[in-house]
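Asker: Please find one structure pasted underneath; my questions will follow.
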Amino acid sequence: YGKGGLGYLKEMIEAARNADVPVVVDPKGEDYSGYRGATLITPNRREFEQVAGRFRDNTELEAKARAMAEALELGAVLVTRGEEGMSLIERRGKTLHVPARAREVFDVTGAGDTVIATLGCAYAVGAALQDAIELANIAAGIVVGKLGAATAAPAEILHELAHQED
């Protein structure tokens, strides 16, 4: 991780995969090879473009992300795109573009951390990928609507889920 360090990434990912445990990674740096075999990586647009190159539209994004997923044996790439929402590109499967949920953005601090934490928690309790992404999108929308490094409480997420079904 850019602010510290994790050793033995390859071994940890391999052990998790052998135990049938999903591996979600918020990648950092210009070399994603250490994340080979992860279930899902969640770079933001800038981080993704730093590694895969710029994209102009969803078609280019999808091609670059699918090529990255194939080359690194990833299950999928989820690019967080700020006000453009999130784009999930599975290595062998579907593509999903999810619009941003924030009504009013005050501070984007911690939005990416919220996405990866929510995805990890949802995966840990057996959520399907699409459901995990929907929860992560809701949580990130809550967080960016607050000032400073904020959190999305379970009650806030449940409130948003209830409103979206109305």
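The values are calculated or read from the model by the stated rules, or taken from the named source; none is laboratory data. Remember, predicted model here, so these are calculated numbers, not experimental data. Glycine gets a Cβ as well: all are built from the backbone with ideal geometry, and neighbour counts include every protein chain shown. We work out accessible area using only protein heavy atoms, side chains counted, and drop any ligands, DNA or RNA first. Shrake-Rupley method; radii C 1.70, N 1.55, O 1.52, S 1.80 Å.
Asker: If the Cβ limit is 8 Å and pairs must be 6+ apart or interchain, which residue in the range 101-121 that is at positive phi pairs with which residue that is surrounded by 15 or more Cβ atoms within 10 Å (Cβ to Cβ) and in a helix (DSSP H, G or I)?
Answerer: Cβ pairs passing all conditions: 110/143.
Asker: So which residues in the range 91-144 are under 24 Å from residue 58 (Cβ atoms), part of a loop (DSSP other than H, G, I, E, B) and among the β-branched types (Val, Ile, Thr)?
Answerer: Selection gives 105, 108.
Asker: I need the full set of residues from the range 1-23 which are at pLDDT below 95, out of contact with any helix residue (DSSP H, G or I) (no Cβ under 6 Å at 6 or more places or on another chain) and assigned to a loop (DSSP other than H, G, I, E, B), in order please.
Answerer: Result: 1, 2, 3, 4, 5, 6, 7, 8, 20, 21.
Asker: Okay, moving on. Within the range 24-31, can one find any residue that is crowded, with 20+ Cβ neighbours inside 10 Å, modelled with pLDDT under 95 and part of a loop (DSSP other than H, G, I, E, B)?
Answerer: Yes, the range 24-31 contains at least one residue that is crowded, with 20+ Cβ neighbours inside 10 Å, modelled with pLDDT under 95 and part of a loop (DSSP other than H, G, I, E, B).
Asker: Could you check how many residues of the range 32-60 are open to solvent by 60 Å² or more (accessible area, probe 1.4 Å), over 16 Å from residue 86 (Cα atoms) and not in a loop (DSSP other than H, G, I, E, B)?
Answerer: Of the residues in the range 32-60, 1 are open to solvent by 60 Å² or more (accessible area, probe 1.4 Å), over 16 Å from residue 86 (Cα atoms) and not in a loop (DSSP other than H, G, I, E, B).
Asker: Would you point out the residue of the range 82-105, among those that are of a type outside the set (Gly, Ala, Ser), closer than 24 Å to residue 157 by Cα and out of contact with any strand residue (DSSP E or B) (no Cβ under 6 Å at 6 or more places or on another chain), that is most open to solvent (accessible area, probe 1.4 Å)?
Answerer: Result: 103.
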